[in-house]
């Protein structure tokens with residue numbers, strides 16, 4: 001299951017984008033929406049692709065008619081409780097298509113590694129209990145729990161956690177699970193260090209991403 005086009009992936013884009021002040025999925029980086037950048041990096045390594053958000057307002061169809069538009073996955077948990085609702089929707093999607101696990105990535109990380117799916121899947125395949133172990137990305141000593149490979153078998157556990165935990169944090173859910181961490185390198189570029197999970201939260205971050213983009 002670690003080869004090309006064997007792992008489904010979901011881009012989590014249901015956040016409110018308060019610091020950015022606009023919908024992150026449609027904000028432009030070098031003239032292209034953030035979503036387009038992420039889908040371009042995911043498409044060679046994962047299939048099918050989906051986007052988790054309340055609706056598809058503002059999401060343009062693919063420019064290339066041969067490219068498939070991502071599936072739309074709204075939250076199944078009401079109240080927009082945060083990223084875990086998107087992970088829950090992703091797990092349900094995996095079950096519906098018969099996939100044992102599913103990759104999630106945030107909408108605001110346009111430089112995700114082109115070998116993300118393969119490396120996380122390889123770590124999953126060596127886990128003692130692949131159906132109960134979450135494979136989490138790391139860079140520069142920092143965990144990126146939204147860039148992870150989630151077993152579909154954990155969907156009921158996740159729903160129970162969201163229903164009973166007040167904070168509903170991804171890290172809180174992971175604390176009660178078996179996890180494996182996969183580290184990805186940060187590279188030095190003339191525009192500064194390039195973290196593959198560089199996160200765009202503000203207009204200033206967007207400007208930094210534009211400087212780094214030629215080196216990805």
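Can you find, within the stretch 123-155, the residue that is nearest to residue 90 (Cα to Cα) among those that are part of a helix (DSSP H, G or I) and free of Cβ contacts under 8 Å to residues at least 40 places away in the same chain? Ranking the qualifying residues of the stretch 123-155, first place goes to 131. So is residue 102 over 19 Å from residue 199 (Cβ atoms), surrounded by 14 or more Cβ atoms within 10 Å (Cβ to Cβ), at pLDDT below 95 and in contact with a helix residue (DSSP H, G or I) (Cβ under 8 Å, 6 or more places away or on another chain) or not? No; evaluated as a whole, the condition is false for this residue.
Residue 209: part of a strand (DSSP E or B) and modelled with pLDDT of 95 or more, yes or no? For residue 209, the condition - part of a strand (DSSP E or B) and modelled with pLDDT of 95 or more - is not met. Filtering the stretch 182-198 for residues that are modelled with pLDDT of 95 or more, over 12 Å from the mean Cα position of the chain (by Cα), closer than 20 Å to residue 50 by Cα and not in a helix (DSSP H, G or I) leaves an empty set. Taking the options 50, 46, name whichever one is part of a loop (DSSP other than H, G, I, E, B), touching a strand residue (DSSP E or B) at 6+ places or on another chain (Cβ under 8 Å), modelled with pLDDT of 95 or more and on the phi < 0 side of the Ramachandran plot. The match here is 46. The residue pairs whose first member lies in the stretch 166-193 and is in contact (Cβ under 8 Å) with a residue 60 or more places away in the chain, whose second member is surrounded by 13 or more Cβ atoms within 10 Å (Cβ to Cβ) and assigned to a loop (DSSP other than H, G, I, E, B), and whose beta carbons are closer than 8 Å, counting only pairs six or more residues apart or on different chains, are 168/81; 168/82; 169/82; 170/82; 173/165; 184/113; 184/196; 184/197. Per this entry, residue 107 is not counted among residues that are surrounded by fewer than 16 Cβ atoms within 10 Å (Cβ to Cβ), closer than 30 Å to residue 32 by Cα and under 15 Å from the mean Cα position of the chain (by Cα). For the stretch 158-175, what are the residues that are over 20 Å from the mean Cα position of the chain (by Cα) and assigned to a loop (DSSP other than H, G, I, E, B)? If the condition is that a residue be over 20 Å from the mean Cα position of the chain (by Cα) and assigned to a loop (DSSP other than H, G, I, E, B), then 165, 166, 167 are the ones that fit.
The values are calculated or read from the model by the stated rules, or taken from the named source; none is laboratory data. This is a predicted model, so every value here is computed, not measured. Positions of Cβ are generated from backbone atoms using ideal geometry, with glycine treated the same way; all protein chains shown enter the neighbour counts.
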